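The block underneath contains the structure these notes are about, expressed in structure tokens.
Coordinate-derived values only; no laboratory data. Remember, predicted model here, so these are calculated numbers, not experimental data. Because the Cβ atoms are built from the backbone with ideal geometry, glycine has one as well, and the counts that use them run over all protein chains shown.
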Amino acid sequence: MIADNKNPEINNLVVKLLKKTGKKGYYWGFFLLLIVIAGTYALVIQITKGHIVTGMRDNVAWGLYIANFIFFMGLSYASAIISGLLRLFRVSWRRPVIRITDLMTIISAIIGPLYILLCIGRIDRLHHLIVYARIQSPIIWDVFAISTFLIGGIIILYLGLIEDFALLRDNHFIKAGKLRKRLYKLLALRYNKSPEQTKILYNNLDLISALLIPVAIILSTILSWVFGLTLRPGWNSTIFGPYFVFASIYSGIAAIIVALWIFRKAYHLEKYITKVHFIKLGILLLVLSILYGYFTFNEYFSIWYSSEKWDTKLLAKLFDFSQYGWLFIFSNYVGILLPIIVVAVPWLRRINNIAVVSVIVIISLWIKRYIIVVPTLETTLFPIQDTREAWINYSPTWVEWSITIGGVAMICLLFMLVSRLIPIMPLKEALDKEKIGNKNIVPELWDFNK
Amino acid sequence: MKAFSNKKNKRRYSPRRKFLKSGLVLSAAFISGSTSISSCSGDNSTKSGKKTRLLTQDGNLVEVDESNIHESHKHCIKASLKEERKGIPGRKFVMVIDLAKCRNARKCIEKCQEAHNLPPDQEWMKVYLIKDSQHTEPYWFPKPCFHCDNPPCVKVCPVDATFKRKDGIVLIDNHRCIGCKFCLTGCPYSARIYNWKEPEIPEDIKNQQYSAETSVPAMIGTVSKCDFCPDMCRIGKVPHCVSACPNGAIYYGDLNEDAVSNGNEVVRFSELMSDKGGYRYAEELGTEPCVYYLPPKERIFPVKSGFKNLSEEEKARYKNIIK
């Protein structure tokens, strides 16, 4: 995409965001595609040979897939909550962050449910979930929840994009392919920047944002109920709902920081995504790590202190360094304390440090999901009196790993592809900011001067 | 089914009749073996005149001419899917396991596997060696599906593939099951078994129509478990594990009739409970199991005798309990 120099600021941004994919981009795309293909190959093997190719067996009937499912759904719900709050409170530094957050909502909500489909033994009977839907089952709640949420997420992303589509359509100095122009024209929905239309647009953005926040909170609670409503140690806990909500938001902020960092590097957006953004998000990360740590402590301390037999069996597994001890320490100590230290100490508070800590937070929260799912299933009420290793301890097979990594690659690939088509940063808002300075173009939600 | 509509041959019995009478019928049915009634078209010339009492699909006792009774195939469909979901009216099936009589002979497991075409590594009935605490004696603990009255597996099933019947039995429709495994994680008793691979069963059995009451044939990607053998109840017999037990440790019967049988004797359920201190395992979970246990008091066999005929693999299962 080429732009002339009538409006250098926006041209600069459009050229940066929607420039032709370079060699490096193609290499990355190809690399990601290879990983996705490998994952698809593993999936085909799993479908043709049955779940025997996975490490799951009768005791640990859920494994990596469910951990991935709750991890990515958590990311998605969290992104919706974060973007909603940033919009509604008119947070001044939200602009470069908000589009990436909205994209994260959609892309995670597309990939997350794929993992639970992989966990289903008879994909050919998927329609039974609709035909024979039994409303008492938390899985059906999840089916309704995810589909509702996906629609809401798509609406909010699209509403946020309409102004940009109109801008890309109207400004003839931006030279784009015919097909591309036609697409932008179609997607701009005859938006003409009139005050009435703008008002409707922003009111709806506010409305959907406000709706999506409670919806996302309810949905991450439903997600936790898949575990919380069963008679299992470590799962059957009353704080699982809010615990999942905060764990999700915590991982969501970390994922947004990492995504911002990657796009900042890849598109050279240092001018727009500044240290301020990383520090503000870093402080959010710090607050959430304290909240999440508080819940974690509550959860484990109460079952450790009361020391009911079944719970104690689980804790013995978690504290045993030959089993889950290291994973427990990494996810519950390193993943909580490290961000607090890095953000709290001024001379550690740097862009790269915050990004690295966010990667660690993401990994630790993924491991956390794993040690929520697997050790509990290995701790049965009756002792596992079996000599088959896979029945006693779960260890994921290459099929599960390659499908898991394939899903992560798919997320990166989707982000890449989408960022070729739509600006990864809101153009209109960036332009407004340049023109009007600090004055906010978006109407205030509550105008107290009236 | 015409046989049942023939009023001359039909005689309804109240379920509250003396349990001894039904016990008699039950034991009579044990001898006659697996049977079915072909038809009763009104052609009197073939009638032998000898009558037999049988338990019908809807739980009534009927008198049928013996000439109309034929041996049936092992796994023939005995009830429609709709009837299978409803259950046998007026019944409430329970099992009582006398832990004092179990010596881990594993006959219940073997017979169950044979009857349900299970591979050797799928045990619907499992025998655990339980040692409750440091200073208590270990004991053998046979564990079928508990067929809970408040079943956590049924609660979580998203497609109603597993269901609770009026007669207390929890069954699985493996044509509806999507294999989400939620019931496996929901069941605290590890009673459920998932078919991780294509089941290795003979072609002719594989081609049969699935019956939830026999749980045959198994299907890849679906769940199976102990089914309390309602197909055996329909023909007036006790489940395979009950008849196979050499020590008569497992009793099975109807709570409404207050009668349970281990194949040799018919006893009152309530007397068994009060005389021998019957209890249910892990009562605090609130699942309301239909399987009761009698404590291992005054045991007939020492625990060690349970290791006698075990393979090395089977012995290794209990290595954590007995060093």
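With a simple spin-label model that places each label point 7 Å from the Cα along the Cα-to-Cβ direction, the separation between B:MET273 and B:GLU83 comes to 3.0 nm.
Which listed residue (A:ILE70, B:VAL242, B:PRO289) has the Cα farthest towards the positive end of the charge dipole for the protein assembly as shown, taking +1 on Lys and Arg C-beta and -1 on Asp and Glu C-beta about the Cα centre? So the residue furthest toward the plus end is A:ILE70. From a point 7 Å beyond the Cα of A:TRP28 in the direction of its Cβ, which residues of region A:273-298 have a backbone N at a distance under 20 Å? Counting backbone N atoms under 20 Å from the label point, the list is A:273-275, A:278.
How about A:LYS313: which aspartates and glutamates have a C-alpha closer than 20 Å to its C-alpha, ignoring those fewer than 8 places off in the same chain? Answer for A:LYS313, where 20 Å is the Cα cut-off: A:ASP58, A:GLU299, A:GLU378, A:ASP386, A:GLU389, B:ASP132, B:GLU283, B:GLU284, listed by chain and number. With each label modelled as a point 7 angstrom along the Cα→C-beta vector, the A:GLU308-A:LYS181 pair spans 6.8 nm.
Gyration tensor analysis over the Cα atoms of region A:131-174 returns equivalent ellipsoid semi-axes of 40, 8, 5 Å (largest first, whole Å). Taking the square roots of five times each eigenvalue of the Cα gyration tensor of region B:145-226, the equivalent ellipsoid has semi-axes of 21, 14, 11 Å, listed largest first. Computed packing ranks the peptides A:15-22, A:362-369, B:295-302 as A:362-369, A:15-22, B:295-302, most packed first, by mean other Cβ atoms within 10 Å. Evaluated over the Cα positions of region A:54-428, the convex hull gives a direction-averaged projected area, one quarter of its surface, of 21.2 nm². Within region B:210-240, what residues put their amide N at less than 17 Å from the label point 7 Å along the Cα-to-Cβ vector of A:ILE123? Taking a point 7 Å out along Cα→Cβ of A:ILE123, the residues of region B:210-240 whose backbone N falls under 17 Å are B:220-222.
Across peptide A:136-142, the average count of Cβ atoms from other chains found within 10 Å of a residue's Cβ is 5. Residue exposure proxy: B:LYS197, A:LYS24, B:LYS276, ordered by other Cβ atoms within 10 angstrom of their Cβ from fewest to most, comes out as A:LYS24, B:LYS197, B:LYS276.
Summing Cβ point charges (Lys, Arg +1; Asp, Glu -1) relative to the Cα centre of chain A gives a dipole of roughly 1920 debye.
Peptide B:212-222 has a mean of 2 when you count, residue by residue, the C-beta atoms of other protein chains within 10 Å of its C-beta. From largest to smallest, the equivalent ellipsoid semi-axes obtained for the protein assembly as shown from the alpha-carbon gyration tensor read 62, 30, 22 Å.
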